[in-house]
Amino acid sequence: MNPSCARCGKIVYPTEKVNCLDKFWHKACFHCETCKMTLNMKNYKGYDKKPYCSAHYPKQSFTTVADTPENLRLKQQSELQSQIRYKEDFEKNKGKGFSVVADTPELQRIKKTQDQISNIKYHEEFEKSRMGSLSIDAGDERRGSEDGGNYRRTPSESMPPHQSPASSSAYQHQRQQQQQPPKYGYQEPVTPVTTQHSAPAGGKRYRAVYDYNAADEDEVSFQDGDTIINVQQIDEGWMYGTVERTGDTGMLPANYVEAI
């Protein structure tokens, strides 16, 4: 059974039927409600289930809502709920960064590549610093050999300026490990510095020309002007003797003392 036209109420046959806006129209009856311009399925605009052209399409106007006490209360309540939810989300995401990034295979590959680059740079810098320290030590040893073994480190070379006594011991220990010549055939047993040793009698007497703090347990500390007795020459850089003022016996650098 054929339906009726929504405009004229007559029967709409299939050859002239337009099905739009939940209604059936004749092609000639499907026109704008205002200007009567014939419309089709491409240029019509529906409003309240009626066809309109673009020029006469009804403009929607918004209703102004008065700021009544109830509306103000609802607005304030909505703002409070928004703040509470924001704080909850902030606490949950604290320490996680600004955004959550999915741990995809591509990101894992990029992260692994960055870690490898960081390791390579670290090893390169470490090798450069190590080679630099070795070249400095080689220069000190060469300068000492050119001076005939009589090169003496000044107090500024032994202890850097503005350095606390606690850190000076560690610094001297590091310098001694880097610059200390090998102890040929002689190894003093490891004993506390405060322990007094009996040195062989008949050694030479030397006078300290610089202050020296022991950097190892088998070394002795002394001050400028102290007398070192029973001194035995170990090699060009080190001696073994007893500080007459303190009675401590152990190893001492040869370039910090001079013969009396």
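The table below lists the values:
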{"item": "Test: Y52 is open to solvent by 80 Å² or more (accessible area, probe 1.4 Å) and modelled with pLDDT of 85 or more", "result": "no"}
{"item": "Within segment 219-250, tally of residues that are among the charged types (D, E, K, R) and at pLDDT below 90", "result": "2"}
{"item": "Residue list for segment 220-260, restricted to those being surrounded by fewer than 16 Cβ atoms within 10 Å (Cβ to Cβ) and assigned to a strand (DSSP E or B)", "result": "Q232, Q233, E258, A259"}
{"item": "Residue ID - farthest from Y256 (Cα to Cα), chosen from residues in segment 203-218 that are open to solvent by 30 Å² or more (accessible area, probe 1.4 Å) and either polar (S, T, N, Q) or at pLDDT below 90 (or both)", "result": "E217"}
{"item": "Selection within segment 16-42 - in contact (Cβ under 8 Å) with a residue 24 or more places away in the chain and loosely packed, with under 11 Cβ neighbours inside 10 Å", "result": "D22"}
{"item": "Residues of segment 55-75 that turn out to be among the hydroxyl-bearing types (S, T, Y) and open to solvent by 90 Å² or more (accessible area, probe 1.4 Å), as a count", "result": "3"}
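For (1) more than 60 Å from the chain's Cα centre (by Cα); (2) in a loop (DSSP other than H, G, I, E, B), each residue gets a yes or a no:
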{"position": "M41", "(1), (2)": "yes, yes"}
{"position": "P51", "(1), (2)": "yes, no"}
{"position": "H56", "(1), (2)": "yes, yes"}
{"position": "N71", "(1), (2)": "no, no"}
{"position": "L74", "(1), (2)": "no, no"}
{"position": "L80", "(1), (2)": "no, no"}
{"position": "D89", "(1), (2)": "no, no"}
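The values are calculated or read from the model by the stated rules, or taken from the named source; none is laboratory data. As the structure is a prediction and not an experimental result, all values here were calculated from the model. Please note: Cβ atoms are built from the backbone with ideal geometry, for glycine as well, and neighbour counts cover all protein chains shown. Note: accessible area is taken over every heavy atom of the protein model, side chains too, but ligands, DNA and RNA are not part of it. Shrake-Rupley method; radii C 1.70, N 1.55, O 1.52, S 1.80 Å.
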